[in-house]
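First comes the structure, then the notes that go with it.
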Amino acid sequence: MVILFSGRKSRTEKEIIEILTKQGATYISDKFVAENQGLFTIISTYKKTEINLNKGIAVFIDDTERFNEQTFPIGIIGICEDNNIKALETFKKSGIAVISCGINLKNTITLSSINDDELLASLQRTVIDNCGNQIDPSEFKIKLTKSFSPFAIMASVAVLLLNGIVPTEF
């Protein structure tokens, strides 16, 4: 389960949903429910939400002020941009693992060699996926079918890797 925390009408949220549903995910929101059995499920939330999951992924996209006092159970993995201090603090308070996305070497996921047709996404440190498999640092060449924001790409790479899927095309 992937939970997207964002403000309504977030362009980045829409991009992440587009990327991940093309990879086989099922998307559910307060306005849309799909019946198909995807590889994993994505939901969007726009306010503080009680989470009772043993494992899953929480992605803070943009407006995190509305998620003050949000907590996460151990077993959830957080994903956010490296400059999203509020999200990083929220994840830290819950004591969960965090995958940071950005352009410096301290981040877990970074991008390099970006052009109109493809890019290289880098996993900078070892992570454990949702099935317990170790994913070692490596680069992933991704073909681009259209333009997406850098964070939408990095967050999608992280979500896919955590679900055991190697990204090749967005």
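The values are calculated or read from the model by the stated rules, or taken from the named source; none is laboratory data. All of these numbers come straight from a predicted model, not from anything done at the bench. Note that each Cβ is placed from the backbone with ideal geometry, even for glycine, and that neighbours are counted across all protein chains shown. Heavy atoms of the whole protein, side chains included, go into the accessibility calculation; ligands, DNA and RNA do not. Shrake-Rupley method; radii C 1.70, N 1.55, O 1.52, S 1.80 Å.
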Next item on the list: Using the structure shown, decide if residue 61 is modelled with pLDDT of 90 or more and touching a strand residue (DSSP E or B) at 6+ places or on another chain (Cβ under 9 Å).
Entry: yes
Note to self: Condition first: aliphatic (A, V, I, L, M), more than 17 Å from residue 72 (Cα to Cα) and part of a loop (DSSP other than H, G, I, E, B). Now tell me which residues in the range 95-113 satisfy that.
What the structure shows: 103, 105
Notebook entry, point to check: Name the residues in the range 63-81 that are open to solvent by 50 Å² or more (accessible area, probe 1.4 Å) and within 16 Å of the chain's Cα centre (by Cα), would you?
Noted result: 63, 81
Check: Which one of these is touching a helix residue (DSSP H, G or I) at 6+ places or on another chain (Cβ under 9 Å), assigned to a helix (DSSP H, G or I) and either open to solvent by less than 20 Å² (accessible area, probe 1.4 Å) or charged (D, E, K, R) (or both): 152, 121, 158?
Finding: 152
Next item on the list: Please work out which residue is farthest from residue 130 (Cα to Cα), limiting yourself to the range 1-36 and to residues that are modelled with pLDDT of 90 or more and of a type in the set (Ser, Thr, Tyr).
Entry: 10
Notebook entry, point to check: Can you pull out the residues in the range 127-148 that are part of a loop (DSSP other than H, G, I, E, B) and farther than 23 Å from residue 1 by Cβ?
Noted result: 136, 137, 144, 145, 146, 147
Margin query: Can you confirm whether residue 129 is open to solvent by less than 40 Å² (accessible area, probe 1.4 Å) and modelled with pLDDT under 95?
Written below: yes
